[in-house]
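What follows is one structure encoded as structure tokens, with my remarks underneath.
Taken together, the values in this text are just the output of simple stated rules run on the coordinates, not laboratory data. Given the structure is predicted, the values throughout are model-derived calculations rather than measurements. Glycine gets a Cβ as well: all are built from the backbone with ideal geometry, and neighbour counts include every protein chain shown.
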Amino acid sequence: MRGTRNRLWLAGGLVAVLGWPSVAVAAATVTGTVTFAGKPPALKPLAMDAEIVCHKKHGSKPAPNEALVLGNGNTMAHIMVWVSKGLPAGKTWPAPKDPVVLDQDGCVYKPHVMGIMVGQTYRILNSDGILHNIHTLPKINTAFNRGQPATVKEMTTTFPKPEAIFQVKCDVHPWMSAYISVFTHPFFSVTSTDGKFTISGLDAGSYEITAWHEKLGTQTASVTVTGNETKAQDFKFAVPAK
Amino acid sequence: MDIPYTVEVRRDTGLTNGKIGIWLFLASEVMLFGALFASYILIRVGAPSWPRGDTILDVWLATFNTIVLISSSVTMVMAWASLMRHRFETFRIYMGATILFGLVFLIVKYFEYSHHIHLGEVPSTNNFLAIYYTLTGLHMLHVFGGMMVNAYFWGPGAKLWKTNPQWFTNRVEHSGLFWHFVDLVWIFLFPTLYLL
Amino acid sequence: MSEPVDVAPKPHVAHEVHHEELGFWRKYVFSTDHKVIGIQYSVTGLLFLLFGFCLMMLMRWQLAYPGVPLPLIGSLLGEARMPGGTMLPEFYNELGAMHGTIMVFLGVVPLAVGGFGNFVVPLQIGAPDMAFPKLNMLSYWSLFLGGITMLGSFFVPGGAAQSGWTSYTPLSVIAGTGQTWWLIGMIFLITSSLLGALNFITTIIQLRAKGLTFMRFPFFVWAQFVTAFLLLLAFPPLEAAGVMQLMDRVAGTNFFLPSGLVVSGQALTNVGGGNPLLWQHLFWFLAHPEVYVLILPGMGIVAEIIANNTRKPLWGYRSMVYSLIFVGFMSFIVWAHHMFMTGMGTTMAAFFQTTTMIISIPSVVILTALIISLWGGSIRFNTPMLFAVAFLPMFGIGGLTGLPLGLNIADIPLHDTYYVIAHFHYVVAPGTIFALMAGIYYWYPKATGRKMNETLGKIHFVGSLVCMNAIFMPMFIIGLAGVSRRLFDAGAAYAFAQPTMHWNVVSSWGAWTLAIFQIPFIFNFFWSIRKGEKVGDNPWQATTIEWSAPSPPPHGNFVHAPQAYRGPYEYSVPGAGKDFVPQYEA
């Protein structure tokens, strides 16, 4: 029937129109594993004799050196991976309402490496109950240097400008170190001991992905994604040959 | 009210207030520049290497400036002497010359500084330049200050000659003492920075 | 060459009749009259003393109860400084640095030298004003600008200076913006002192009355005279140092920044080659004479009041004067006793500890002479006298406890501990400030024509004396136990400090109670302007020339030019009609 055909076309058109956004929804993902090549060097654990409280907290198992943390099969933790090129210029992504949390626990910053978005709240906790100090060392944002005595359990701040990875240190405990990067977009991920990173929600397109390690430098890779696909991209870091 | 011994001397000290005042001020200035010279010595002695002044600075320009300043001290004395001899017009000529010499000094220093800055030789480059700029910069400020006072006595302040010539003469003398001090500092600065 | 005019000063007739009336601003604000300027300095100094006191009271909460939120006031100070009402370490440092700076440079010196010096000295030497009245006014406004700068520094990002009142490099060079403001403020304050000093010296030499020879000066005049020389000659090196530190901070120079400096684990990229010790030398070259600037006017005030209230001449006037001059000279060659821990060799240390031991001698001479002056006196225990007499043992404790600090070996365990804090506060707080209080009660009638209330004064005195000791005596104990100064938690983090922590509570309650006891003084000060007992020219039956002027003195000070006929302390002269013969009476 002509009327039914018209309704079918209308229905189909409606589905297409209503369904278009779901087709256009950014759903591509880049994922991968970061591993360490070669024999990992033995690094000295963090010496905390200067701070009795934390020394006791770690007891017989001193905190390991954070510069190289490996999982089974030499997978690398503390690698920051992010989309460095290919995102549409001028597009803004809203900063999440949830804060990024940094905790000072056992005189170690947890997490060791993190990413945060411009304007997102940075919540700094002091779980140790002793005097700590948060001293960020950015080059673009204004440095933040405040003492956090035992009684101040929580402090917050934000970073108004995007910036490449910079260090966070404690002026009371020199072995404490963390790294943070400020992004305008949410396409970053930090690996844990399984070495895995996942960056999802990407539009179809070609991107450059960068992986960063605090001592071994950065590596980049080009990735092209379409539709809803999940693309794999692994990274391998090695100690440079002398 | 009238403060005594502003113009006439007090007999048992033989001095006017202004005379003591300016000498005391110069004593404090000696301590100021002395501290900077002492700092220069400490920094230089502790430095692993120190450039010879003439390798960085223009000795001829500074020699010219030295002659300019010494000449200005001579004209300054002549200005005061003219007042003592009640020759007001001659005073104006000599005082004008003093101010002009000061201006020449400042202009030469301006060229000197801009030349260095052009070459990227700024205070933060090394400690030699840091102390050079600080010492000569502070000295320059004193030259400028002295010139301002002299200009006042050459210009609007000269009215005082008509109402109280003795006081005016004394004030020019005090300004002259300051000017001689500024010259003396340069005479120390010049060999220390440029020649050693 | 002009002929010297006869030395007799022109009659200083009160000139208000002859000059036209000055407007409000020229009369009370931008005045060139030394009395107005003296009152301006005094009020400014007292206000800053109060402010510095408040900073300290805040610190004392943290020291007594580390980490406990401060009720009421804590929330007023904002999250940036006192999150949840508990004090951040950097705020503690701000308070510490500014408490010291304000008390020394904006509190005591303006009051002791600018206030008392300006008001009393011209009157005591029989002069119509200072030698350079306009310069005097400029000096005050320079101080005012310095004070505004220092206060303003609290509001810059990062807060006020936090590197101690000593601003040691390289910490102060890398510190926040507040430090730059501190340096600029110091330049204003130093300029003020320099100009004031040359005014005092010229005035004392040139404008003294006929017959007032140097050895007939009241001891107070001598004290201000020597103090002025110290200010004149010792301050410029700090001015130079301040300029150099400013250049390090602002122009990137490296006067005080050594090579290879690592800050927070990151190596600095500057050229280096500077010397942090250079700052210490330049700073202490001023700051040691500065402490004599803090004490000498006080000694002068105490001397006047003791002579007056014992109705006896001062014992050993001549030895006191020579000691003053000797102290002034020696004060320039002891500075490195503040630097014994900087790694100087034994030769340098031997030199400085010797000069330091030597300088204690004239101080002891002056103190002993003042104590002996009490012997056989007919003592009147009015409020100025109470404060003046209390000064003696308090300064004695402060001075004696300084001796181990002046000896290299003994200084090693004591340097930068609470022992040092106790030592210098004893000399300045129950020392100089008591002397200044005595001076206020003593010269208030001259300035206002009314006496302050005696009962309130005695309450003020007793409370202050007890509280001062409650605050500072325990600090000797804490310091001997090894607790460092400038710890924001008073040593709570250290096991060895635990046995002495409770003394902090005693000190703090002493401080807060001391504040309560200043209320009678503040009330008395203002109430007595209108309601105090009216007095004539010489309510204390004193001998020095200021008491021949009307109370308060008019512009020009004296109706007839005063002349000095004898020494300054002719009390209880045998055969005289009354128990004092004024210096100015024929």
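What the table shows:
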| item | result |
| --- | --- |
| Placed amide H near A:Val113: partners under 5 Å, 5+ positions off or other chain | A:Tyr179 |
| Antiparallel DSSP beta bridges within the range A:26-238, percent to nearest 5 | 70 percent |
| Nearest-ten-degree value, helix C:177-206 long axis tilted from longest Cα axis of chain C | 20 degrees |
| 0 to 90° range, to nearest 10: angle between helix A:2-24 axis and chain A longest Cα axis | 20 degrees |
| Cα long-axis angle, helix C:346-372 against chain C (0 to 90 degrees, to the nearest 10) | 40 degrees |
| Charged-residue dipole, Cβ positions (Lys, Arg, Asp, Glu), the protein assembly as shown about Cα centre, Debye nearest 20 | 1100 debye |
| Choice from A:Ala47, A:Ala67, A:Ala178 showing the highest fluctuation, given a GNM over chain A with Cα pairs closer than 10 Å | A:Ala47 |
| Residues A:Ile79, A:Ile116, C:Ile204, sorted so that the one with the fewest Cβ neighbours within 10 Å comes first | A:Ile116, C:Ile204, A:Ile79 |
| Estimated [θ] at 222 nm from DSSP helical runs (n ≥ 4, -39500 (n - 2.57)) normalised by residues in chain C, nearest 500 | -19500 deg cm²/dmol |
| Net charge of Cβ neighbours under 15 Å - reference C:His502; Lys, Arg +1; Asp, Glu -1 | 0 |
| For the protein assembly as shown, Cys with no neighbouring Cys Cβ under 4.7 Å | A:Cys170, C:Cys54, C:Cys467 |
| Least to most buried among B:Phe91, A:Phe237 (fewest other Cβ within 10 Å first) | A:Phe237, B:Phe91 |
| Antiparallel DSSP beta bridges within chain C, as percent of all bridges there, nearest 5 | 75 percent |
| Mean residue ellipticity (222 nm) of chain A, computed from DSSP H runs ≥ 4 via -39,500 (n - 2.57), nearest 500 | -4000 deg cm²/dmol |
| Normalised contact order of chain C, rounded percent, pairs of Cα under 8 Å and 6 or more residues apart | 17 percent |
| Calculated from backbone phi, Karplus (6.51, -1.76, 1.60) coupling profile of the range A:103-120 in Hz, x at Gly/Pro | 10, 10, 9, x, 6, 9, 6, 10, x, 7, 10, 8, x, 9, 9, 3, x, 6 |
| Note, ³J(HN,Hα) from phi for the range C:484-497, Karplus 6.51, -1.76, 1.60, rounded to Hz, x at Gly and Pro | 6, 7, 6, 8, 6, 10, 6, x, 4, 7, 9, 4, 5, 7 |
| Mean Cβ neighbour count within 10 Å, used as a protection proxy, ranking C:169-181, A:92-104 highest first | C:169-181, A:92-104 |
| Charge dipole (the range B:17-195, unit charges on Cβ, about Cα centre) - positive-most of B:Ser73, B:Leu103, B:Gly176 | B:Gly176 |
| Note, ³J(HN,Hα) from phi for the range C:272-284, Karplus 6.51, -1.76, 1.60, rounded to Hz, x at Gly and Pro | x, x, x, 9, x, 5, 4, 4, 4, 4, 5, 5, 6 |
| Rounded to 5, the percent of DSSP beta bridges in the protein assembly as shown classed as antiparallel | 70 percent |
| Packing-based ranking, highest mean first, of C:509-518, C:30-39, C:67-76, C:563-572 given that Cβ atoms within 10 Å are counted | C:30-39, C:563-572, C:509-518, C:67-76 |
| Built amide H within the under 5 Å cut-off of C:Thr417, gap 5+ | C:Arg485 |
| Order of B:Arg92, A:Arg146 - criterion: other Cβ atoms within 10 Å of each residue's Cβ, fewest first | B:Arg92, A:Arg146 |
| Under 9 Å, Cβ to Cβ, from C:Arg311 - net charge with Lys/Arg +1 and Asp/Glu -1 | +1 |
| Built amide H within the under 5 Å cut-off of C:Gly273, gap 5+ | C:Ser259 |
| Pairs from A:Lys39/A:Lys231; A:Lys85/A:Lys196; A:Lys161/A:Lys215; A:Lys91/A:Lys161; A:Lys56/A:Lys153 whose Cα-Cα separation, in the structure shown, is over 23 Å | A:Lys39/A:Lys231; A:Lys161/A:Lys215 |
| Relative contact order for chain B, counting Cα pairs under 8 Å that sit 6 or more residues apart, in percent | 31 percent |
